[in-house]
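What follows is calculated from the coordinates using simple rules that are stated; it is not laboratory data. As the structure is a prediction and not an experimental result, all values here were calculated from the model. In this analysis, Cβ positions are derived from the backbone assuming ideal geometry, glycine residues included, and neighbour counts consider all displayed protein chains.
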Amino acid sequence: MDDVQKWSYRLKAKEMVDILNSKNFNAIYAEDAEDAKRIFLELVPEGASICVGGSVTLKQTGIIDEITSGRYNFYDRFHTASVAEMHDVYRESYKADFIVASSNAVTKEGQLVNIDCVGNRASQIAFGPKKAIVVAGVNKIVDTMEDGIKRARAIAPLNAKRIRHKTPCATEDNCNCQNCEGQPRMCNFIGIVDGCFHFPKRITVIMVAEELGY
Ligand code: SF4
């Protein structure tokens, strides 16, 4: 990345931190992916229980490697013997100390927008785990809530492809959402967090001055 682009990413991330803090989120600026991981390690004590939303951003920052290192009590839904067991892990994880995830969009109106297949991420960022940590690159920033929903819908095919869900958008050249009726459908739940006033600062947003995830 050249210096000018980095300069503009810094400005964008810092502007977003100010907007989110004005909506009572605990927003923190991160210079890059490594800095985001450092902040995560400062925020989460060893031994804490953690659940996650599936996320390319958590991979790119190395945060998922920390979470699965054995130093935390990880609600591991990725290695279960059956779908029923996986659903049990989902249910139990509402009691976690932390949900750690990214967001499909962060709006300049101060909102987090997420679209989910199962609904765990969208709902747990809102309520359940004691605290939420959302890590987002500047590519997630959009102007309005409507833009955020559009962005979330637009990247659903990428996530469907990534996790090998056999949805029309991941298996056909001309995606037809009208035909998307099976269990793998990625677009079942849309979660919008429009402020953090009831549980002040419960949600930390680490805004990274880099492009991360889809
Ligand atoms: S509704 Fe289905 S086909 Fe359309 S984007 Fe979502 S997952 Fe893909």
So who's got an amide H within less than 5 Å of the one on Ile206, skipping anything under 5 residues away but keeping other chains? H placed 1.01 Å off N, in plane. Ile28, Val134, Val135, Ala136
In nm, to one decimal, how far is the modelled label at Glu34 from the one at Ser69, with both set 7 Å along Cα→Cβ? 1.5 nm
Per-residue HN-Hα couplings for region 127-136, Karplus 6.51 cos²θ - 1.76 cosθ + 1.60 at θ = phi - 60°, whole Hz, x for Gly and Pro? 6, x, x, 4, 9, 10, 10, 10, 10, 9
Taking the Cα centre of region 99-214 as the origin, how large is its charge dipole in debye, to the nearest 20, when only Lys and Arg (+1) and Asp and Glu (-1) carry charge on their Cβ atoms? 480 debye
Using the Karplus curve 6.51 cos²θ - 1.76 cosθ + 1.60 with θ = phi - 60°, what ³J(HN,Hα) values do you get for each residue of region 76-81, in whole Hz, with x for Gly and Pro? 8, 8, 7, 10, 10, 7
Of the lysine pairs in region 82-214, how many meet both conditions: Cα atoms under 29 Å apart, and a spacing of 8 or more in sequence or different chains? 22
Quick shape check on region 64-214: root eigenvalues a ≥ b ≥ c of the Cα gyration tensor, a/c under 1.5 is rounded, otherwise prolate if a/b tops b/c, else oblate, and it reads oblate
Can you tell me the order of 78-91, 125-138, 95-108 when each peptide is scored by its average per-residue count of other Cβ atoms within 10 angstrom, highest first? 95-108, 125-138, 78-91
Test item: Cα-centred dipole of the chain, Lys/Arg +1 and Asp/Glu -1 on Cβ, debye: 380 debye
Show the residues, 5+ positions off or on another chain, whose built amide H is closer than 5 Å to the amide H of Phe25. Cys196
Given axes a ≥ b ≥ c from the Cα gyration tensor, I'd like to know whether region 29-117 is rounded (a/c under 1.5), prolate (a/b larger than b/c) or oblate. oblate
Quick calc, Phe199 & Glu46: beta-carbon distance into FRET formula, R0 30 Å, rounding 0.05, result 0.80
Note, region 201-214: 3J(HN,Hα) by Karplus (6.51, -1.76, 1.60, θ = phi - 60°), whole Hz, Gly/Pro = x, goes 6, 4, 9, 8, 10, 8, 8, 9, 7, 8, 8, 9, x, 8
Per the helix-only calculation at 222 nm, which mean residue ellipticity applies to the chain, given -39500 (n - 2.57) for every DSSP H run of n ≥ 4 and division by its residues, nearest 500 deg cm²/dmol? -11000 deg cm²/dmol
List the cysteines in the chain whose Cβ has no other cysteine Cβ under 4.7 Å from it. Cys51, Cys117, Cys177, Cys180, Cys187, Cys196
